[in-house]
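One structure, as structure tokens, below. Some questions next.
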Amino acid sequence: MTLIRPRLDMVLVLAVFHILEGCSRCGCGETSEHLAELVETQGQIQRDCADRLEQWKSASPGTVFEVGDGVRAKARSEAVLKLSEGSYARLKANSMIRFLQTMPGSRAKGIDIQQGEAEIEVGTESLQLQSSVGSAVIKSGSKIRISKSDKGLDFYVAIGTATFQTKGDQSTVVGAGESIRIGIGSAVLAHSKHPREQEQALKENQQTGEPTLEQSAQPSVSVEVKGSGVRVRRSKDAPWESLSPGFSELAPNTVLAMPKNTSIMLRRKQDKATIYGAGTYRIGGPDQTLVHALSGKVIFESSDRNVAVVVPGGVIIANGGEPGGTRASVDVNNENTLVKVQTGRIQVERPGQTQSLLAGQETTIVNPGATGSVGMHPSSIDEGPAFADLSVKAGESFIVHSTKPPVAVAFELAGRCPHGAIAQLIGRRVRSRGTTIARLLFEAGRSRYFIRCLNADGTVQPKTAASGAVTVLRDPGTAGLPRKAPESRVEADGRNYNILYQNQLPIVKLRWPAAPKAGSCILNVLSQAAGNREYPCVNGEYTFESGGLRDGTHRFSFRTGDSRRSSKTTTVRIRFDNAAPKVSLREPKEGQFRVGESVTVTGVAVPGWAVSLANGTIATDEYNRFSGKVTYGDQYRSIALRVVHPQRGIHYYLRRGQNQAP
């Protein structure tokens, strides 16, 4: 049995505490229905109460909200709320929502976006949403963004569908990629297609090297510098000088050189971006261009108008006018640029090619000056390592457990590239070429890769054929798996507890330290999935056996049988530990078999994970023990056990034969 307390080192159970400031709701002694709970915060989050409007106080995870309560996120802050029926609402910076009264007996959630924007991700059941301008039924699994303007509310459906009912009794179905603006008595449906201006800087940025400095009539850019060592050059002939931390104004075409561990926030009217060191940048440019990045990382946003970032080999344009705005990240190195869309829609401009990306998508732009770049002969690229530890399909992301990194991976092209392909690690000068397979060597840690097909003449095609991420762990895979459920003891002290488990849900023992002695009590538990439940208890203690409390958030409190005394409300979050071992591999031992030998592979897997053996056979019994056979050949230097979970990813456990050096 383990008592979870602050500062206590845990092995299998991790507890994180957030001291709650008094009661987590406005009326501590009342029993009004909870409409939402604050589960994550970043920055400054505040709440007010229905009976004390505009009297804002700091809010922390565990705070609950009832009808009339409000919550707001200040600048550079965000909050995530869990609605009582299982959906999540993410409140963006400089935004505020208030919870509305709905009709008695209605299942609708009353949420009024009074400022800024919020995202809602619907759970397994459809969400009935009531706002100040009408109602909506949002299908399960959908994701929408809601933003407030002086013309009403803008709804953008990123995933799924939603049916909107305005106060004029008009019903409108909106699908993924569409938006609707609902104002006073009217609704306008749009398909989120916005005009795009041509970016002049595309032609200017085909040369590598330091950006050219030119005078411009563009407005200045406000900057906030964090960290020391930033250098600035204000004109072509000006010397380099230091730029101190803090706020200042920079003219367009100013060049910045930033060391590691520094960042600069850029603002030009409503355009925003943050640039990170180490990197080299030129500020501003023609029309919509906010920054030119030769190296480093940029995170930029657009709201009402297009915003562009210029990189070697292309231009990334964040579309203005998207409901909820557009946000993207750009990571530039000597070889290529990785572009990821977080929200909204972007356009990626390359010479002779335009690509549109939505939230969650990514692409790579190759630097025209890099070896193996688009249109160039990759004559200096070899065939990579002459060996491989395992073979996977190109585009797969996975985790490798090996006693002796690095690990050589052969990516199967499977007819994708008739004339061959190059494979490359993003951000590193590690690449290889091949026809049916392309091999790369991965050191310990996490690396991203991409694969690009070759043309008949050997030049590289501009489009990425496949990409993924590989994590290599220095792990023999022999750690034992728990044979019984872990036990955790939690006291009703008003704090937040996280409990991680591996293969069996924990036994949770709840205790009220200040409970009256030798008396009956009642335990109240409010769970995400099961709702509100009560259990009779004695002496302020109650035990949930394994499975009694499922994955998710549970809020509990004790009270005496006569309800005269009660404990503090305490939160327990139970989560699966994805970093824990997935199998315990018993045979074979590292380096204990030779080429041509038949090798036995045995072990035990965590329930829910399926095992398979490359080039061999394997079977699993009812106790999740597996046993198989494989002939160790000379095609691969390792035996690879593949372990897969439908929601939690792919793992490979490796065993290397005799005389196979790392």
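The values are calculated or read from the model by the stated rules, or taken from the named source; none is laboratory data. Given the structure is predicted, the values throughout are model-derived calculations rather than measurements. Please note: Cβ atoms are built from the backbone with ideal geometry, for glycine as well, and neighbour counts cover all protein chains shown. SASA here: full protein model, heavy atoms, side chains in, ligands and nucleic acids out. Shrake-Rupley method; radii C 1.70, N 1.55, O 1.52, S 1.80 Å.
What about ARG439, is it at pLDDT 85 or above, farther than 30 Å from GLY547 by Cβ and surrounded by fewer than 19 Cβ atoms within 10 Å (Cβ to Cβ)?
Numbers: at pLDDT 85 or above: yes; farther than 30 Å from GLY547 by Cβ: yes; surrounded by fewer than 19 Cβ atoms within 10 Å (Cβ to Cβ): no.
Here the answer is no, as ARG439 does not meet what is asked.
For segment 531-581, give me every one of the strands (runs of 3 or more DSSP E) that falls completely inside it and has 2 or more residues that are over 21 Å from GLU491 (Cβ atoms).
Details: elements: 531-538, 541-544, 552-560, 570-576.
Filter on segment 531-581 gives 531-538.
For ARG642, indicate whether it is open to solvent by 50 Å² or more (accessible area, probe 1.4 Å), in a strand (DSSP E or B) and at pLDDT 85 or above. Talk me through it step by step, then tell me what you get.
On the way: open to solvent by 50 Å² or more (accessible area, probe 1.4 Å): yes; in a strand (DSSP E or B): yes; at pLDDT 85 or above: yes.
Spelling it out, ARG642 is indeed open to solvent by 50 Å² or more (accessible area, probe 1.4 Å), in a strand (DSSP E or B) and at pLDDT 85 or above.
List the number of the failed condition for THR161; all other conditions in (1) open to solvent by less than 30 Å² (accessible area, probe 1.4 Å); (2) at pLDDT 80 or above hold.
Here THR161 meets the rest and fails (1).
Out of (1) touching a residue at least 40 places away in the same chain (Cβ under 8 Å); (2) open to solvent by 20 Å² or more (accessible area, probe 1.4 Å); (3) closer than 30 Å to TYR632 by Cα; (4) within 37 Å of the chain's Cα centre (by Cα), the odd one out for VAL601 is which?
Every condition holds for VAL601 apart from (2).
So, one more: Among the strands (runs of 3 or more DSSP E) confined wholly to segment 418-528, which include 3 or more residues that are among the aliphatic types (A, V, I, L, M) and farther than 30 Å from PRO405 by Cα? Walk me through how you get there before you give the answer.
Numbers: elements: 421-425, 431-434, 437-442, 445-454, 460-474, 487-491, 496-501, 507-511, 520-527.
Fully inside segment 418-528 and qualifying: 507-511, 520-527.
Given the conditions (1) in a strand (DSSP E or B); (2) surrounded by fewer than 16 Cβ atoms within 10 Å (Cβ to Cβ), report the number of the one that GLY141 does not fulfil.
So GLY141 meets the others, but not (1).
Quick one: which residue in ASP621, ASP634 is farther than 16 Å from LEU390 by Cα, modelled with pLDDT under 90 and not aromatic (Phe, Trp, Tyr)? Explain how you work it out, then say what you get.
Working: ASP634 fails: farther than 16 Å from LEU390 by Cα.
Just one listed residue meets the conditions, ASP621.
Mind checking whether some residue in segment 485-502 is free of Cβ contacts under 8 Å to residues at least 24 places away in the same chain and in contact with a strand residue (DSSP E or B) (Cβ under 8 Å, 6 or more places away or on another chain)?
Of the residues in segment 485-502, the ones free of Cβ contacts under 8 Å to residues at least 24 places away in the same chain are none.
No: segment 485-502 contains no residue that is free of Cβ contacts under 8 Å to residues at least 24 places away in the same chain and in contact with a strand residue (DSSP E or B) (Cβ under 8 Å, 6 or more places away or on another chain).
If I ask for residues that are closer than 29 Å to GLY116 by Cα and either of a type outside the set (Gly, Ala, Ser) or surrounded by fewer than 24 Cβ atoms within 10 Å (Cβ to Cβ) (or both), which ones from segment 308-323 would you list? Before you say what the answer is, go through the steps one by one.
Initial filter on segment 308-323 (closer than 29 Å to GLY116 by Cα): 308-310, 315-323.
Within segment 308-323, VAL309, VAL310, VAL315, ILE316, ILE317, ASN319, GLY320, GLY321, GLU322, PRO323 qualify.
Shifting gears a bit: Tell me which residues, restricted to segment 82-99, are surrounded by 19 or more Cβ atoms within 10 Å (Cβ to Cβ) and farther than 17 Å from ILE138 by Cα.
If the condition is that a residue be surrounded by 19 or more Cβ atoms within 10 Å (Cβ to Cβ) and farther than 17 Å from ILE138 by Cα, then LEU91, LYS92, SER95, MET96, ILE97, ARG98, PHE99 are the ones that fit.
May I ask you to say which residue of LYS269, LYS297 is of a type outside the set (Val, Ile, Thr) and modelled with pLDDT of 90 or more? I'd like the intermediate steps shown before the answer.
Numbers: LYS269 fails: modelled with pLDDT of 90 or more.
The conditions single out LYS297.
Only one of these is open to solvent by 50 Å² or more (accessible area, probe 1.4 Å) and closer than 25 Å to ILE365 by Cα: ARG305, ARG282, ARG234. Name it. Spell out the reasoning first.
Working: ARG282 fails: open to solvent by 50 Å² or more (accessible area, probe 1.4 Å); ARG234 fails: closer than 25 Å to ILE365 by Cα.
So the residue among ARG305, ARG282, ARG234 that is open to solvent by 50 Å² or more (accessible area, probe 1.4 Å) and closer than 25 Å to ILE365 by Cα is ARG305.
Then there's this: If I filter segment 43-59 for residues that are modelled with pLDDT under 75 and either β-branched (Val, Ile, Thr) or buried (at least 20 other Cβ atoms within 10 Å of the Cβ) (or both), do I get at least one hit? Before you say what the answer is, go through the steps one by one.
Of segment 43-59, the ones modelled with pLDDT under 75 are none.
No, every residue in segment 43-59 fails to be modelled with pLDDT under 75 and either β-branched (Val, Ile, Thr) or buried (at least 20 other Cβ atoms within 10 Å of the Cβ) (or both).
Of these, SER242, SER216, SER222, which one is closer than 30 Å to LEU357 by Cβ, of a type outside the set (Lys, Arg) and modelled with pLDDT of 80 or more?
Details: SER242 fails: closer than 30 Å to LEU357 by Cβ; SER216 fails: modelled with pLDDT of 80 or more.
Only one candidate qualifies: SER222.
Can you name the residue in segment 343-365 that is free of Cβ contacts under 8 Å to residues at least 40 places away in the same chain and in a strand (DSSP E or B) and is also surrounded by the most Cβ atoms within 10 Å (Cβ to Cβ) among such residues?
My answer is ILE346.
Moving on. I need the full set of residues from segment 266-279 which are in a strand (DSSP E or B) and either among the charged types (D, E, K, R) or closer than 20 Å to GLU241 by Cβ (or both), in order please. Walk me through how you get there before you give the answer.
Initially, segment 266-279 is screened for residues in a strand (DSSP E or B), giving 266-268, 271-279.
Once the filter is applied, which keeps residues that are in a strand (DSSP E or B) and either among the charged types (D, E, K, R) or closer than 20 Å to GLU241 by Cβ (or both), segment 266-279 yields LEU266, ARG267, ARG268, ASP271, LYS272, ILE275, GLY277, ALA278, GLY279.
Could you go through segment 575-584 and let me know if any residue there is surrounded by 20 or more Cβ atoms within 10 Å (Cβ to Cβ) and touching a strand residue (DSSP E or B) at 6+ places or on another chain (Cβ under 6 Å).
At the first step, the residues of segment 575-584 found to be surrounded by 20 or more Cβ atoms within 10 Å (Cβ to Cβ) are 581-583.
Still in the running and touching a strand residue (DSSP E or B) at 6+ places or on another chain (Cβ under 6 Å): 582-583.
Yes, that holds for at least one residue.
Looking for whichever is over 28 Å from the mean Cα position of the chain (by Cα), on the phi < 0 side of the Ramachandran plot and not hydrophobic (A, V, I, L, M, F, W, C) here; the options are GLN424, GLN461. Which one fits?
Numbers: GLN424 fails: over 28 Å from the mean Cα position of the chain (by Cα).
Checking each option against the conditions leaves just GLN461.
What pairs come out if I take residues in segment 52-63 that are touching a residue at least 40 places away in the same chain (Cβ under 8 Å) and pair them with residues that are assigned to a loop (DSSP other than H, G, I, E, B) and of a type in the set (A, V, I, L, M) whose C-beta lies under 7 Å away, six or more apart or interchain?
SER60/LEU20; GLY62/LEU20
Being of a type in the set (A, V, I, L, M, F, W, C) and buried (at least 20 other Cβ atoms within 10 Å of the Cβ) is the filter here; which residues of segment 458-502 pass it? Lay out the reasoning, then the answer.
Of the residues in segment 458-502, the ones of a type in the set (A, V, I, L, M, F, W, C) are 460, 465-466, 469-470, 472-473, 479, 481, 485, 490, 492, 499-500.
If the condition is that a residue be of a type in the set (A, V, I, L, M, F, W, C) and buried (at least 20 other Cβ atoms within 10 Å of the Cβ), then VAL460, ALA466, VAL470, VAL472, VAL490, ALA492, ILE499, LEU500 are the ones that fit.
In addition: Contact list please: Cβ distance under 7 Å, first residue in segment 298-324 and under 18 Å from VAL223 (Cβ atoms), second residue among the basic types (Lys, Arg), pairs at least six apart or on different chains.
Listed pairs, sorted by first residue: PHE300/LYS272; GLU301/LYS272; GLU301/ARG327.
Next up: When you go through LYS629, LYS589 one by one, which is the residue that is free of Cβ contacts under 8 Å to residues at least 60 places away in the same chain and either at positive phi or open to solvent by 30 Å² or more (accessible area, probe 1.4 Å) (or both)? Let's see the steps before the verdict.
On the way: LYS589 fails: free of Cβ contacts under 8 Å to residues at least 60 places away in the same chain.
On inspection, the qualifying residue turns out to be LYS629.
Still on this model: Restricting to segment 260-295, and then to whatever is small (Gly, Ala, Ser) and within 15 Å of ASN306 (Cα to Cα), can you tell me which residue is farthest from the chain's Cα centre (by Cα)? Talk me through it step by step, then tell me what you get.
Residues of segment 260-295 that are small (Gly, Ala, Ser), as a first pass: 263, 273, 277-279, 284-285, 293, 295.
From what's left, within 15 Å of ASN306 (Cα to Cα): 273, 284-285.
Numbers: ALA273: 19, GLY284: 30, GLY285: 31 Å.
If we take residues in segment 260-295 being small (Gly, Ala, Ser) and within 15 Å of ASN306 (Cα to Cα), then GLY285 is farthest from the chain's Cα centre (by Cα).
So that you can scan it fast, the table gives a plain yes or no per residue for (1) modelled with pLDDT of 90 or more; (2) touching a Ser or Thr at 6+ places or on another chain (Cβ under 8 Å):
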| site | (1), (2) |
| --- | --- |
| GLY531 | no, no |
| ARG555 | yes, yes |
| ARG565 | no, no |
| THR569 | yes, yes |
| ASP577 | no, no |
| VAL583 | no, no |
| ARG586 | no, yes |
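Looking at LYS297, LYS260, which one is in contact with a strand residue (DSSP E or B) (Cβ under 8 Å, 6 or more places away or on another chain) and in a strand (DSSP E or B)?
Details: LYS260 fails: in a strand (DSSP E or B).
The match here is LYS297.
Counting only residues that are among the small types (Gly, Ala, Ser), open to solvent by 80 Å² or more (accessible area, probe 1.4 Å) and touching a residue at least 12 places away in the same chain (Cβ under 8 Å), how many does segment 532-573 have?
Taking segment 532-573 first, the residues among the small types (Gly, Ala, Ser) are 540, 546-548, 552, 557, 561, 563, 566-567.
Subset that is open to solvent by 80 Å² or more (accessible area, probe 1.4 Å): 566.
Filter again for touching a residue at least 12 places away in the same chain (Cβ under 8 Å), leaving none.
Qualifying residue count, segment 532-573: 0.
Looking at segment 405-421, can you tell me whether even one residue there is more than 20 Å from ARG642 (Cα to Cα), among the aliphatic types (A, V, I, L, M) and open to solvent by less than 50 Å² (accessible area, probe 1.4 Å)?
Yes, that holds for at least one residue.
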